[in-house]
Amino acid sequence: MIKPFAKPVYVTQPYLPPLDEVVAELQKIWDAGWLTNNGPKHQELERVLSRVLEAEHLSLFNNGMTALMIGLRALELKGEVITTPFTFAATPNALVWNNLEPVFVDVDPVNLTFRSDKIAAAITPRTSAILGVHVFGNLCDVKSISAIAQKHNLHVIYDAAHAFQSKLDGRAIASFGDMSMFSFHATKLFHTIEGGGLAVNTADLKQRIDYLKNFGIKSEAEIIAPGINGKMNEVQAAVGLVVARHLPEERERRQQVKRWYLERLSGVAGLTVVTADVSDDNSHQYFVIRINADQFGATRDDVYEKLKTFQVFARKYFFPLCSTFPQFSDLPSSRRRNLPESSAAVTEVLSLPYSGYLTEEDVDRICAMIISFRRT
Ligand SMILES: *Cc1c(COP(=O)(O)O)cnc(C)c1O
């Protein structure tokens, strides 16, 4: 008999850095009496993260969604943007806030990012950009996307919320496309409680973004753009500086947790691991499996519900599919027959508890539960 956990185990547990180190940083903020508006902690974190992400230029934000909204605005896009339906609501909703229309393209059944070979057929005279999402740290086909964008004169933006420190052939993911958005939400590998960053490749674009995130203020007497308030404050930045210091340890712990899962779940009939990369080039943001009900003998929803009875709260990331949201369901590209692989994936994926706090015994128990749900 597998015993339920005594306390709930959630899909993630935010990394809490040593409190004394946070207090020491807070003391410096109190001494300076400077709480927000590009203060010393903000400047320091921007430098630190530029290095960590190998970003040419980086702007910090109060959260990732604001970063994406402002990034899209800074590019002055119009019309349609090609994107994936298999993502978090923030991605297509950021388009709507810029009066842009998403055009959904189906995903690859294995890595769950949108298929680059489907992009060309979705381009119309109204297309202004491609918005890719590195889903669960699985990278988009960035090289093909660059080639398509160049040929059709389109901008390329990446929602890299799941791809902190990801690399492709040794090259930092932030260097692909016009810009990459990172989320520093508490549930992400690196966090500032709430926060976000926009990596861009020109100083000019960073300057425009920095105006837009601060009401469009250039100087006391010049407000040059219809900006909003997207600024990160000093307390967020201080937490980020301490979390960044401990990032290598957290990454190693997560790599180990991933190995424990893989040892137990690899080869189980009807179950595939969507995030199997244990290399240093991966972001180790989520641990996601996919359940083929026919082969496994239980549906994803069965597994999700049964895990709850054992105090294990997995999540159906990403369910429902964005194309089925009321604000998108009438779009021509939202038709189910345009999105067969995405429509199948949303019924089969399950994000299992994943954080550096899990022990081998925890993983052992969670996997034993899942395997016990099979009916074969
Ligand atoms: C977390 C996340 C965001 C938004 O991040 P916030 O910082 O919470 O605004 C955007 N896109 C994806 C794919 C995410 O997972």
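The values are calculated or read from the model by the stated rules, or taken from the named source; none is laboratory data. If you're wondering where the values come from, they're calculated on a predicted model, not measured in any experiment. No Cβ is skipped: glycine too gets one built from the backbone with ideal geometry, and neighbour counts run over all protein chains shown. Side chains are part of the model used for accessible areas, which takes the heavy atoms of the whole protein and leaves out ligands, DNA and RNA. Shrake-Rupley method; radii C 1.70, N 1.55, O 1.52, S 1.80 Å.
Tell me, please, whether a residue that is farther than 26 Å from Ile289 by Cα, within 16 Å of the ligand (Cβ to nearest atom) and modelled with pLDDT of 95 or more can be found in the stretch 130-153.
Scanning the stretch 130-153 turns up at least one residue that is farther than 26 Å from Ile289 by Cα, within 16 Å of the ligand (Cβ to nearest atom) and modelled with pLDDT of 95 or more.
Do you know which residues across the stretch 332-368 are open to solvent by less than 30 Å² (accessible area, probe 1.4 Å) and hydroxyl-bearing (Ser, Thr, Tyr)?
Those that are open to solvent by less than 30 Å² (accessible area, probe 1.4 Å) and hydroxyl-bearing (Ser, Thr, Tyr): Ser333, Ser334, Ser342, Ser343, Ser351, Tyr354, Ser355.
Please identify the pairs in which a residue from the stretch 9-22 that is open to solvent by less than 30 Å² (accessible area, probe 1.4 Å) has its Cβ atom under 6 Å from the Cβ atom of a residue that is assigned to a strand (DSSP E or B), counting only partners at least 6 apart or on another chain.
Val9/Val312; Val11/Arg315; Val11/Ser351
Could you list, in sequence order, the residues of the stretch 154-176 that are open to solvent by 20 Å² or more (accessible area, probe 1.4 Å) and either of a type in the set (Phe, Trp, Tyr) or within 16 Å of the ligand (Cβ to nearest atom) (or both)?
Gln165, the sole residue that qualifies.
Can you tell me which residue is farthest from Arg208 (Cα to Cα) among those in the stretch 242-262 that are open to solvent by less than 10 Å² (accessible area, probe 1.4 Å) and over 19 Å from the mean Cα position of the chain (by Cα)?
Across the stretch 242-262, the extreme among qualifying residues is Tyr261.
Is it the case, given these coordinates, that Leu95 is within 16 Å of the ligand (Cβ to nearest atom) and under 26 Å from Ser59 (Cβ atoms)?
Numbers: within 16 Å of the ligand (Cβ to nearest atom): yes; under 26 Å from Ser59 (Cβ atoms): yes.
Taking the combined requirement at face value, the residue satisfies it.
Does Ala74 satisfy being hydrophobic (A, V, I, L, M, F, W, C) and over 17 Å from the mean Cα position of the chain (by Cα)? Talk me through it step by step, then tell me what you get.
Working: hydrophobic (A, V, I, L, M, F, W, C): yes; over 17 Å from the mean Cα position of the chain (by Cα): yes.
Yes.
How many residues does the stretch 31-90 contain that are more than 24 Å from Ala186 (Cα to Cα) and open to solvent by 10 Å² or more (accessible area, probe 1.4 Å)?
Qualifying residue count for the region: 11.
For the stretch 264-355, please list each of the helices (runs of 4 or more DSSP H) lying entirely inside it that holds at least 2 residues being hydroxyl-bearing (Ser, Thr, Tyr) and free of Cβ contacts under 8 Å to residues at least 60 places away in the same chain.
The helices (runs of 4 or more DSSP H) meeting that bar are 340-348.
Here is a check on your reading of the model: is Thr309 over 30 Å from Glu101 (Cα atoms), of a type outside the set (A, V, I, L, M) and open to solvent by 40 Å² or more (accessible area, probe 1.4 Å)?
When the stated conditions are applied, Thr309 passes them.
Filter the stretch 120-137 down to the residues that are in contact with a strand residue (DSSP E or B) (Cβ under 8 Å, 6 or more places away or on another chain) and over 16 Å from Leu77 (Cβ atoms), then identify the one that is surrounded by the most Cβ atoms within 10 Å (Cβ to Cβ).
Going through the qualifying residues, I end up with Val135.
Count, please, the residues in the stretch 263-288 that happen to be more than 17 Å from the chain's Cα centre (by Cα) and open to solvent by less than 40 Å² (accessible area, probe 1.4 Å).
Qualifying residue count, the stretch 263-288: 5.
Which of the residues spanning the stretch 39-64 are within 16 Å of the ligand (Cβ to nearest atom) and closer than 20 Å to Ser175 by Cα?
Those that are within 16 Å of the ligand (Cβ to nearest atom) and closer than 20 Å to Ser175 by Cα: Leu45, Leu49, Leu53, Leu58, Ser59, Leu60, Phe61, Gly64.
What is the number of the single condition among (1) closer than 30 Å to Glu305 by Cα; (2) open to solvent by 50 Å² or more (accessible area, probe 1.4 Å); (3) polar (S, T, N, Q) that Gln27 does not meet?
It is condition (1) that Gln27 fails.
Out of Phe184, Phe190, I need the residue that is in contact (Cβ under 8 Å) with a residue 12 or more places away in the chain, more than 10 Å from the ligand (Cβ to nearest atom) and on the phi < 0 side of the Ramachandran plot. Which one?
Phe190
Has the stretch 194-206 got any residue that is open to solvent by 60 Å² or more (accessible area, probe 1.4 Å), part of a loop (DSSP other than H, G, I, E, B) and within 16 Å of the ligand (Cβ to nearest atom)?
Yes - at least one qualifying residue is present in the stretch 194-206.
Name, by its number, the condition in (1) within 14 Å of the ligand (Cβ to nearest atom); (2) open to solvent by 20 Å² or more (accessible area, probe 1.4 Å); (3) under 24 Å from Phe319 (Cβ atoms) that does not hold for Pro109.
(1)
So is Ser329 over 16 Å from Tyr261 (Cα atoms), of a type in the set (Ser, Thr, Tyr) and surrounded by fewer than 19 Cβ atoms within 10 Å (Cβ to Cβ) or not?
yes
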